[in-house]
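Each remark here refers to the structure printed beneath this line.
No value in this document is a laboratory result; all are computed from the given coordinates. On a predicted model such as this, the values are computed, not experimentally measured, just so you know. All Cβ positions, even for glycine, are placed from backbone atoms using ideal geometry, and neighbour counts span all protein chains on display.
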């Protein structure tokens, strides 16, 4: 490929792929440009301005997520001007709203009064619910920025926790727009958008109603993409910290699509579910059942041992005893009434492979084609 297809980034020459932005090229080459608003698979907006870079000859710093990579372009991703711009933006964000983590800074005696005020709106005495899992916090530490020295911007909108699964904390929203894009462009539910103007801008559902009274289907895509604590799962808020959990990748069992998810486990219990990003078939997206419908796992009503009914009452049995009984009964029914007297119910909740084994057992062993599924299993 000729020289006309090259640009220079941080002193090194790189080949440009058709349609690439500066951010695309940087990531392809392993060069980190920080972002807050950029969402893979959605239209770049350049809203947060954290990804700005210095391009030789340009009058201002340019957002790398929306600026096409062009031939002979000379780009610097961490120049003094770029770093200073990012520090200023982060400082303004930290000074806006209730970002009560160590990254915000103390402002000496003002910290106590600030924290007490946050506690009233937050209904908790603890620090930020996503401490340790916040992109804004990460960048504040990286660029050594606090919100000290700037007057705190109060957010006029109260906490919304009347929804069954999601807490919306407008006081921590940085208006990056990732939740709006995830809802409108990734999930295409179109339940939320930006509303109002100027300092009063907020993310709203139709009619500025709570999510429970809107078109929201509670897929939780907005929660997964939120880089701060503006959107948090209701059941884990302040109850689960990221360092307290371990994760296990598995396959969702609610249908046969095979969505990949991560189980977040604390003290032997599943406390949260998130989608595995970048992996087929769901690429991080989940439905309301896959993300929030996991309480049954630890239900005390779940059977943990086989039960055999004798004299009108159930008693616990071993797997060996139960399987032997089932085998004998199936053999006797088949011998007395024929294979068509037997039917096998499977479930849409198990994997395709398990359903295949079940129908194979029915047809090859029991010699019956009476195979169906029960939607309630």
Response to the item:
Debye calc, one equal point scatterer per Cα of the range 1-41, no solvent, log10 I(q)/I(0) at q = 0.22, 0.26 1/Å comes to -0.76, -0.98
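Please give the direction-averaged projected area of the C-alpha convex hull for the range 10-125, in square nanometres with one decimal.
Numbers: hull surface 38.4 nm².
Result: a mean projected hull area of 9.6 nm².
Would you order 99, 337 from fewest to most other beta-carbon atoms within 10 Å of each residue's own beta-carbon? If you can, show how the numbers build up before the last one.
On the way: 99 26, 337 10.
Taking fewest neighbouring Cβ atoms as first place, the list is 337, 99.
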Worksheet entry | Centre separation in Å (Cα based) which lies between the range 257-308 and the range 163-209 | 26 Å
Worksheet item: For the range 195-329, treating each Cα as an identical point scatterer without solvent, what Debye log10 I(q)/I(0) comes out at q = 0.17, 0.20 1/Å?
Response: -1.02, -1.20
Discussion item. Helix-only estimate, please: 222 nm mean residue ellipticity of the chain, summing -39500 (n - 2.57) across DSSP H runs of length 4 or more and dividing by its residues, to the nearest 500.
Written reply: -6500 deg cm²/dmol
Worksheet item: After finding the eigenvalues of the alpha carbon gyration tensor for the chain, what semi-axes result from the square roots of 5 times each, listed largest first in whole Å?
Response: 51, 28, 18
Item to complete: Could you sort 223-234, 319-330, 55-66 so that the peptide with the highest average Cβ count within 10 Å comes first and the rest follow in order?
Response: 223-234, 55-66, 319-330
Fill in: Share of Cα-Cα pairs in the range 245-298 lying beyond 19 Å, as whole percent
19 percent
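With 10 angstrom as the radius, rank 363, 28, 262 by how many other C-beta atoms surround their C-beta, starting from the fewest. Can you show the working numbers first?
Details: 363 15, 28 12, 262 18.
In increasing order of surrounding Cβ atoms, one gets 28, 363, 262.
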Worksheet item: Who wins for biggest fluctuation among 248, 67, 304 in a Gaussian network model of the chain, springs between alpha carbons below 10 Å?
Response: 304
Worksheet item: Full extension from residue 193 to residue 13: what is 0.36 nm times the residue separation minus their Cα-Cα distance, to one decimal in nm?
Response: 60.8 nm
Worksheet entry | Cα-based Kirkwood hydrodynamic radius, the range 278-344, one decimal, Å | 16.1 Å
Worksheet item: With N residues in the range 256-377, what two-decimal value do you get for its Cα radius of gyration over 2.2 N^0.38 Å?
Response: 1.37
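Please compute the Kirkwood hydrodynamic radius of the range 307-373 from all pairs of different C-alpha atoms, in Å with one decimal. Before the final figure, lay out the partial values.
Values: mean 1/r = 0.0751 Å⁻¹.
Evaluated on the range 307-373, it is 13.3 Å.
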Discussion item. Please report Rg (one decimal) and Dmax (integer) in Å for the Cα set of the range 89-233.
Written reply: 15.1, 47
